[in-house]
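What follows is a set of notes on a single structure, which appears directly below.
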Amino acid sequence: EDLEGCLSHEVGRVFDLSKEVPLSLCIFKLDSVYYLSIVIHHIAFDGWSRDVFLGELSTIYKSLLVGESPVLPSMALQYRDFALWQRDYLSGDVLNTQLDYWKRELSGFESLNLPLDFKRPSVISYDGGNVSFIVPSSTSIGLRSLSKDLGVSLYSVMLSGYYVMLSAYSGQDDIVLGTSVANRHHVGLE
């Protein structure tokens, strides 16, 4: 319970980006087992970065276990290269065209009106909970088959189901939902 409490505290960490780096590393010891907690603010890290980071961390750890110096592949491009390119690209006419497009496309939509399950507190808390479940293999196979038949990704099928659920709960037919897209087409920018 103490470990869970410490991990929950770390996961809920709020970074003051004006005063600290967007990274928190903690090592916890329970009995004779060590646990590593790595919390990285989204400003410095995203889903694409996770697999690269975990792969490199695994390589370093395995090397150190056998007393060798870790060897990581060199990176031809850094994220800062992408960020600079993106900042230069998304300026002037390109930026204005993109902003005008999205303002036009998103104008007139109303907020999602979901029913409340309880009165909301005056102070917002981001404390949440976890709901764990196992999708039966027959359902998983069916969903994958459906996505293949439709010629779309499993993500698109699942997102469509989410739209249907939101529509059922809100009574609204026109729902706008944003999803993150890495938009990195160069393998070196993973």
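Among the residues of the range 114-132, just one is in contact (Cβ under 8 Å) with a residue 40 or more places away in the chain and either surrounded by 10 or more Cβ atoms within 10 Å (Cβ to Cβ) or hydrophobic (A, V, I, L, M, F, W, C) (or both), namely Leu114. The set of residues in the range 18-40 being modelled with pLDDT of 90 or more, surrounded by 10 or more Cβ atoms within 10 Å (Cβ to Cβ) and either part of a helix (DSSP H, G or I) or of a type outside the set (Gly, Ala, Ser) (or both) consists of Glu20, Val21, Pro22, Leu23, Leu25, Cys26, Phe28, Tyr35, Leu36, Ile38, Val39, Ile40. Residues that are open to solvent by 100 Å² or more (accessible area, probe 1.4 Å) and either at positive phi or within 16 Å of the chain's Cα centre (by Cα) (or both) within the range 2-17 comprise just one, Val11. Checked across the range 133-156, the condition of being touching a residue at least 60 places away in the same chain (Cβ under 8 Å) and surrounded by 10 or more Cβ atoms within 10 Å (Cβ to Cβ) holds for no residue. Checking each residue of the range 69-89 against the condition of being open to solvent by less than 90 Å² (accessible area, probe 1.4 Å) and in contact with a Ser or Thr (Cβ under 8 Å, 6 or more places away or on another chain) gives at least one match. Considering the range 96-112, and only residues there that are modelled with pLDDT under 90 and surrounded by fewer than 10 Cβ atoms within 10 Å (Cβ to Cβ), the residue that is nearest to His9 (Cα to Cα) turns out to be Ser111. List the residue pairs whose Cβ atoms are under 6 Å apart, where the first residue sits in the range 65-85 and is free of Cβ contacts under 8 Å to residues at least 60 places away in the same chain, the second is open to solvent by less than 70 Å² (accessible area, probe 1.4 Å) and among the basic types (Lys, Arg), and the two are 6 or more positions apart or on different chains. Close Cβ pairs (under 6 Å, with a partner that is open to solvent by less than 70 Å² (accessible area, probe 1.4 Å) and among the basic types (Lys, Arg)) do not exist here. Just one residue in the set Ser69, Ser63 is farther than 25 Å from Leu3 by Cα and either in contact with a helix residue (DSSP H, G or I) (Cβ under 9 Å, 6 or more places away or on another chain) or assigned to a loop (DSSP other than H, G, I, E, B) (or both); that residue is Ser69. Give me the residue from the range 119-164 that is part of a loop (DSSP other than H, G, I, E, B) and of a type in the set (Gly, Ala, Ser) and, out of that set, modelled with the highest pLDDT. So, considering only residues that are part of a loop (DSSP other than H, G, I, E, B) and of a type in the set (Gly, Ala, Ser), the one modelled with the highest pLDDT is Gly151.
The values are calculated or read from the model by the stated rules, or taken from the named source; none is laboratory data. In this text the structure is predicted, and so the values were computed from the model without any measurement. Reconstructed Cβ throughout: ideal geometry from the backbone, glycine too, with neighbour counts over all protein chains shown. To get the accessible areas, we keep the full protein, side chains included, count just its heavy atoms, and leave off ligands, DNA and RNA. Shrake-Rupley method; radii C 1.70, N 1.55, O 1.52, S 1.80 Å.
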